[in-house]
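Inspection log for the structure reproduced underneath, given as structure tokens.
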Amino acid sequence: MSPHRLLPLAVASALGAIAALPRSAAAAEMSRREVAEAVAARVQADYVFADKGAAAARLVRKRAAGGAYDKAAGEKAFADAVTSDLFSVTHDKHLVVRYRAAGFPPDAETMTADSAARAAELREMRRGNFSTPKAEVLAGAVGYLKIDQFHAPEDAGATMTAAMAFLANADALIFDLRDNRGGDSATVALVVSYLVPPQTQLVAFRSRGAAKEEQSWSVPYVPGGRWSTTKPVYVLTSGKTFSAGEEFAYDLQQLKRATIVGAQSRGGANPGVIRRLSEHFGMFVPNEAAIGPVSGTNWEGAGVTPDVSVDPAQALTAAHRLALQALIAKADAAEKPGLEEALAELGR
């Protein structure tokens, strides 16, 4: 099992950079029927729900044998057709097949061992500040942090802790995940640990055929110390919020630690691994299922339902208003006028 649970768009930015790297042993491209068989074999062997994996594999093999995929107008259309067939059985938004004209990157294990590929991946992540484009303090001492992807903690941990240190003096926090399309569950646990007590269970992961679940907990110590376990927290979501972004919102909502503001998230809860099928094709195969310790289920297919439903374009203003109202309710006579002025400014 991988030490970090990857979600497909968590590595998307790196894939583009890595795909451009030269390959020392490029194999001849497989036919569509060979790719379809590789997909079927992977799904049957690795998909988290064995019965659905077997059924999906049968459908792909049947469609390939009948020539359905030969009719696709291009390789991307072929990959999309296979993905559509997989979804028709599993209803899993993480189970996808992808085509890359420039060449599909190696599996994660190969990439880790390839120093050039790893260097390209890190360079791309650093250029984007590890998908954390903005941290600021809004009026009324309300902190704001935008996270578009949860990169692995060994890569993005320092950036996450620096952002939380910058916001240490805020009286409320808004996490903007409206553009967050996935990432690493370990980094979710790191950031959530700033908001909840030590050793709080966040989620469990059940592998195919495993007798026991592997649990994710808040960590005992975070650099700079916990921000607060009681101050107001708000999480912004949209229809684009996916995977690890959804886990962040779901964990905090289930723990009643945050108010979710925005729109229903996309609904992808099963983490897994990227597999390279051929020179130009690869797929993401979910091999675990997330289980919330409070709900006993997850957000797969349904997404995370916001506590306050608003147009995502208006979610930041709505959350800022809620934060100021919460702070005003507990403010003393000296603090209240400034907070009320900040709230009035939002309505202008």
Inset, instruction - Could you tally the net charge around Gly239, taking each other residue with its Cβ under 13 Å from the Cβ of Gly239, Lys/Arg +1 and Asp/Glu -1? - result: +2
Legend entry - Length released on extending from Ala333 to Leu122, taking residue separation times 0.36 nm less the Cα-Cα span: 71.0 nm
Inset, instruction - Calculate, in whole percent, how much of the Cα-Cα pair population of region 231-348 lies beyond 22 Å. - result: 47
Inset, instruction - First measure r as the distance between the Cβ atoms of Lys231 and Ala50, then evaluate 1/(1 + (r/R0)^6) with R0 = 35 Å and state the FRET efficiency to the nearest 0.05. - result: 0.20
Inset, instruction - Averaging sequence separations of C-alpha pairs under 8 Å and six or more residues apart, then dividing by the length of the chain, give the relative contact order as a whole percent. - result: 20
Inset, instruction - Count the net charge of all other residues whose Cβ sits under 11 Å from the Cβ of Ala263, scoring Lys and Arg as +1 and Asp and Glu as -1. - result: +2
Inset, instruction - Wrap a convex hull around the Cα atoms of the chain, take a quarter of its surface area, and give that in square nanometres. - result: 18.6
Inset, instruction - Before rounding to the nearest 500, sum -39500 (n - 2.57) across all DSSP H runs of length at least 4 in the chain and divide by the residue total; then give [θ] at 222 nm in deg cm²/dmol. - result: -12000 deg cm²/dmol
Legend entry - Ranking of Thr259, Thr297 by count of other Cβ atoms within 10 Å, fewest first: Thr297, Thr259
Inset, instruction - With a/c under 1.5 counting as rounded, go ahead and sort region 50-197 into rounded, prolate or oblate using the C-alpha gyration tensor (a ≥ b ≥ c being the square roots of the eigenvalues; past the cut-off, prolate if a/b is larger than b/c, else oblate). - result: prolate
Legend entry - Spatially proximal lysines relative to Lys71 (Cα-Cα < 20 Å; intrachain offsets below 8 disregarded): Lys62
Inset, instruction - Counting residues in region 109-263 as N, plug N into 2.2 N^0.38 Å and put the Cα Rg over that result. - result: 1.05
Inset, instruction - Determine, for each peptide in 75-83, 126-134, the mean count of other beta carbons within 10 angstrom over its residues, then list the peptides with the highest first. - result: 75-83, 126-134
Legend entry - Net charge of neighbours whose Cβ lies under 10 Å from the Cβ of Lys146, counting Lys and Arg as +1 and Asp and Glu as -1: -2
Legend entry - Ranked packing of 180-186, 287-293, most packed first, by mean Cβ within 10 Å: 180-186, 287-293
Inset, instruction - Quickly rank 270-276, 221-227 as a protection proxy: mean count of other C-beta atoms within 10 Å, highest first. - result: 270-276, 221-227
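None of the figures in this text is laboratory data; all of them are computed from the coordinates on show. The shown structure was predicted, so the numbers you read here are calculated from the model rather than taken from an experiment. As a convention, Cβ positions derive from the backbone with ideal geometry for all residues, glycine included, and neighbour counts pool all protein chains shown.
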